[in-house]
Amino acid sequence: MNENKEIYKVQLSAINPILQVNIEQPTQESVRGKDFVKYGDNNTYPEYITNLVKDCSTLSSIIYGSADFVIGNDVISNVEFLNKKKETVRDIIYKCAVDYYTFGGYYLQILKDAFGNVSEIYHVDYRYMRSNEKNDVFFYSTDWSKSFGRVQYLVYPKFISGVKQQTSILYVKNPMGRDIYANPIW
């Protein structure tokens, strides 16, 4: 029996293959006279990733669906709210999961009281953070696209348990992130 069978090639992808080869790769380089490391050609790589996720509905569905999966039916905690914004543990974990699946990492701002006990925890949008080369000093700005002399930023130390710091940043990145900044896991 010699039947003529047509063979079809099927390719499934969260991102269009044509778009995939054109995805900008991140650069990370020190800037003379600045303590932070530039993230992307114009220091706006996280903004680029955010727009890519917004423009690709399949990728967006995967990221937000994965974050929903992390939360499951609910998160049980003996603490009602983690901060003055009245955000719950569930709220913070969900935001961290979205950043983790989008960027490969997330940031938390840890506030301590006068006795050195953690008093509040806030999620910090990944797009607004930069780091030094050692990931022990962090810089926050809502607009990194300005020229370097015009960028206004706040400086925070790395969170270290047991150290009395009024406010600090906990940075978590995926194990594949051997660079200063995390790499998206997709």
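The values are calculated or read from the model by the stated rules, or taken from the named source; none is laboratory data. Every value quoted in this text rests on a predicted model; they were computed, and no experiment measured them. Note that each Cβ is placed from the backbone with ideal geometry, even for glycine, and that neighbours are counted across all protein chains shown. Ligands, DNA and RNA are excluded from the accessible area calculation, which covers all protein heavy atoms including side chains. Shrake-Rupley method; radii C 1.70, N 1.55, O 1.52, S 1.80 Å.
With +1 assigned to the C-beta of every Lys and Arg and -1 to the C-beta of every Asp and Glu, and no other charges, what is the dipole magnitude of the chain about the Cα centre in debye, to the nearest 20? Kindly include the intermediate steps, with their values, before the conclusion.
Values: 21 positive and 21 negative charges, 111 e Å.
The dipole of the chain has a size of about 540 debye.
For each pair in LYS54/LYS158; LYS86/LYS134; LYS95/LYS173; LYS86/LYS146; LYS112/LYS146; LYS85/LYS112, compute the distance between the two Cα atoms and list the pairs where it is over 26 Å. Before the final figure, lay out the partial values.
Details: LYS54/LYS158 30 Å; LYS86/LYS134 33 Å; LYS95/LYS173 14 Å; LYS86/LYS146 32 Å; LYS112/LYS146 32 Å; LYS85/LYS112 16 Å.
Distance filter (> 26 Å) returns LYS54/LYS158; LYS86/LYS134; LYS86/LYS146; LYS112/LYS146.
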Residue-normalised value, i.e. accessible area per residue, for region 20-99 at 1.4 Å probe, in Å², stands at 63 Å²
Measure of exposure for ILE185: accessible area at 1.4 Å probe, Å² rounded to 10, is 70 Å²
In Å, descending, principal axis extents of the Cα set of the chain:
84, 47, 24
Output the 0 to 90 degree angle, nearest 10, between the alpha-carbon long axis of helix 89-103 and the longest principal axis computed from the alpha carbons of the chain.
50 degrees
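Determine, for each peptide in 59-68, 97-106, the mean count of other beta carbons within 10 angstrom over its residues, then list the peptides with the highest first. Kindly include the intermediate steps, with their values, before the conclusion.
Working: 59-68: 16.2, 97-106: 23.0.
Peptide ranking by packing, descending: 97-106, 59-68.
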Give me the angle, in degrees from 0 to 90, between the Cα long axis of helix 57-71 and the longest principal axis of the Cα atoms of the chain, rounded to the nearest 10.
50 degrees
Could you check the spin-label model distance between THR88 and ASN135? Points 7 Å from the Cα along Cα→Cβ, value in nm.
3.1 nm
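For the ranges 158-169, 30-41, what's the packing order if you count other beta-carbon atoms within 10 Å of each residue, average per peptide, and put the highest first? Write out the running numbers ahead of the final one.
On the way: 158-169: 13.8, 30-41: 15.4.
So the order, starting with the most tightly packed, is 30-41, 158-169.
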Note to self, the chain gives a 222 nm [θ] from helices alone (DSSP H runs n ≥ 4, -39500 (n - 2.57) apiece, / all residues, nearest 500) of -7500 deg cm²/dmol
Collect residues whose amide H, placed 1.01 Å from N in the peptide plane, falls under 5 Å from the amide H of SER119; neighbours closer than 5 in sequence don't count.
LEU111, LYS112, ASP113
For the pair VAL118/VAL70, report the inter-label distance in nm, with labels modelled 7 Å from Cα in the Cβ direction.
1.5 nm
P(r) weight above 14 Å for region 50-134, C-alpha pairs, percent
69 percent
